[in-house]
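*Asks:* Below you'll find the structure I mean.
The values are calculated or read from the model by the stated rules, or taken from the named source; none is laboratory data. Because the structure is predicted, anything quoted here is derived from the model rather than measured. Heavy atoms of the whole protein, side chains included, go into the accessibility calculation; ligands, DNA and RNA do not. Shrake-Rupley method; radii C 1.70, N 1.55, O 1.52, S 1.80 Å.
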Amino acid sequence: MTEREADSGLELVEITLPPGVSVSYPRWSSSPYRQRLKLVTGVLEVTYGERHYTFSAGDCLRFDVDLPLDFSNPGVQDCRYLLAIAVK
């Protein structure tokens, strides 16, 4: 699910990541933007540059896309998280 507010530029994305799956993104080179992640269900590991985080349901993180980013589901069930994306 993706939803964007035309007047604010805010976009809300819901992602489901299956168990054992990892997704990597390079540093964003064009116009940077800010994201806020909230884990809804499951377990999620995030590596943001050199920092590593492990999330449980309800945990949040606010970050830019100025560093490489990895999302990984080390759990045995799907994890579901929301990303709120705001263009700077």
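*Asks:* For a quick check: with amide H placed at 1.01 Å from N, whose amide H comes under 5 Å from A57's, ignoring anything fewer than 5 positions away on the same chain?
*Replies:* G42
*Asks:* Right, something else. Give me the accessible area of L17, 1.4 Å probe, in Å² rounded to the nearest 10.
*Replies:* Result for L17: roughly 10 Å² accessible.
*Asks:* Hey, can you grab everything whose amide H is under 5 Å from the amide H of L67? Only 5+ residues off in sequence or another chain; H modelled, so Pro and N-termini drop out.
*Replies:* W28
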